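The values are calculated or read from the model by the stated rules, or taken from the named source; none is laboratory data. The shown structure was predicted, so the numbers you read here are calculated from the model rather than taken from an experiment. Cβ placement follows ideal geometry from the backbone for every residue including glycine, while neighbour counts extend to all protein chains displayed.
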Amino acid sequence: MNGLILIDFLMVFSFNLLFFNWLSALLFATSLTLSFFAFRLYDTESLQSYNEQLIRTTVGTIASFIIVLMCYSLLENEINRYHFFGNFLFSVAGVPVLNVLVHRLFTKKLPVKKYLVLGRREEIEPVLKEVEEKSLGRYRFVEYINPSVETVKAKQKLYDAVLLADPQFEHILEKVRVENLEYLPNLVEKTLKRIPLVVMEKFREYYEVAFNNVKDDSPAKRILDVVVSLVALAVFSPIMLIVAIIIYLEDGLPVVFKQERVGKDGKIFTMIKFRSMRNEKKDSPKFVDQEKDRILKVGKFIRPFRLDEVLQFVNVLRGEMSVVGPRPEQVEFVKIFEGQIPFYQLRHKVKPGITGWAQLMFKYSSNLAETKKKLSYDLWYVKNRNIFLDLRIILQTLEAVLWRRGAK
């Protein structure tokens with residue numbers, strides 16, 4: 001992916017340098033590459049389809065022009081309509097073709113890595129099948145064994161690497177020298193960008209240490225939260241006023257919905273958002289799928305585009321939420337999930353967010369099984385979060401909103 005980003009940047013930069021000037025070359029190359037990244041042009045799933053590349057390139061190019069237009073008053077003598085027209089034609093005609101060709105050439109030449117797996121097939125095979133698919137066949141888990149010292153010595157020479165899929169066999173490795181040894185958590189996290197609960201169960205001691213070492217928010221993250229929230233509230237203020245008026249005209253007061261949610265360290269706070277459902281008293285907590293009949297007409301528009309959630313930037317400014325983090329859940333649901341889903345409480349190690357890794361990578365969850373899978377993405381974020389991952393999530397949230405990913 002990083003190689004393709006660099007190739008696209010240099011290609012757009014060279015085009016502008018050839019026909020225009022270095023300032024427009026730098027501005028258009030930077031804005032286009034950022035937009036392409038935001039619209040997930042470099043995800044494996046997008047790279048496999050020319051049509052998907054074409055759609056995302058077109059939308060990303062238009063979005064990048066908005067960034068350029070924001071700088072137009074400072075550069076009106078350097079940029080004209082031909083810059084926009086030329087970059088649009090060049091990007092839409094060239095980038096999708098180049099990306100698909102490079103991706104196909106790259107994947108054809110990928111070496112296949114064959115693994116000997118130390119672990120029981122029935123316990124871990126579903127996860128490793130997903131790893132095989134996600135790696136486009138680069139990783140193959142050929143043989144599963146319940147090992148002894150002798151079998152490991154005899155069989156490891158037949159494979160490119162040995163994968164320890166169960167820590168109870170770790171004592172065997174103390175007696176056998178394995179040159180290419182890999183551990184299941186590292187391989188799974190690197191490939192799937194989530195932590196399946198079955199893997200956490202297997203390597204419970206490792207993950208207990210890892211999550212005990214999760215640190216509080218850095219000053220940089222708090223600064224990012226405040227800056228993004230102030231900018232977002234300023235930009236969305238006219239839209240917020242219009243939404244508030246429409247809600248009032250359709251269903252009266254209140255226009256703001258308040259609900260207790262669970263935040264960092266299990267502390268309860270009041271989350272605010274625009275009301276998108278009719279006022280009715282609920283007997284018990286429900287998934288959104290169970291309340292479709294209550295959604296207002298305006299709610300059918302603002303919910304898919306997350307406009308009902310823009311008020312939560314106020315929660316961010318108060319320090320109750322972050323821009324990026326696991327979504328805050330209802331108190332009643334948390335009590336249920338903590339009783340039925342192992343490790344659920346670990347998502348409360350960090351502040352909840354308006355957007356997050358799980359929202360980008362998985363759909364809206366409406367049952368227990370889907371909640372478990374979504375949790376696996378939240379746990380990966382909690383364990384691996386940093387300021388650069390937050391910036392990536394913020395950028396790619398635009399794509400999630402337009403593609404209605406994870407929304408109801």
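Numbers for the structure displayed
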read-out	value
Selected residue [surrounded by 15 or more Cβ atoms within 10 Å (Cβ to Cβ), modelled with pLDDT of 95 or more, out of contact with any Pro (no Cβ under 8 Å at 6 or more places or on another chain) and of a type outside the set (D, E, K, R)] from Leu89, Leu163	Leu163
Of all residues making up segment 360-408, the number that are aromatic (Phe, Trp, Tyr), in contact with a helix residue (DSSP H, G or I) (Cβ under 9 Å, 6 or more places away or on another chain) and under 22 Å from Lys221 (Cα atoms)	3
Restricting segment 173-205 to residues that are modelled with pLDDT of 95 or more, farther than 24 Å from Gly137 by Cβ and among the aliphatic types (A, V, I, L, M), the residue that is surrounded by the most Cβ atoms within 10 Å (Cβ to Cβ)	Met200
Pick from segment 326-347, criterion among the charged types (D, E, K, R) and outside any helix (DSSP H, G or I), ranking: nearest to Leu360 (Cα to Cα)	Arg327
Residue match in segment 267-279 (condition: modelled with pLDDT of 95 or more and small (Gly, Ala, Ser))	no
Number of positions in segment 10-53 that are surrounded by fewer than 17 Cβ atoms within 10 Å (Cβ to Cβ) and assigned to a helix (DSSP H, G or I)	13
Tally, over segment 256-275, of residues that are surrounded by 18 or more Cβ atoms within 10 Å (Cβ to Cβ), without any contact (Cβ under 8 Å) to a residue 40 or more places away in the chain and outside any strand (DSSP E or B)	1
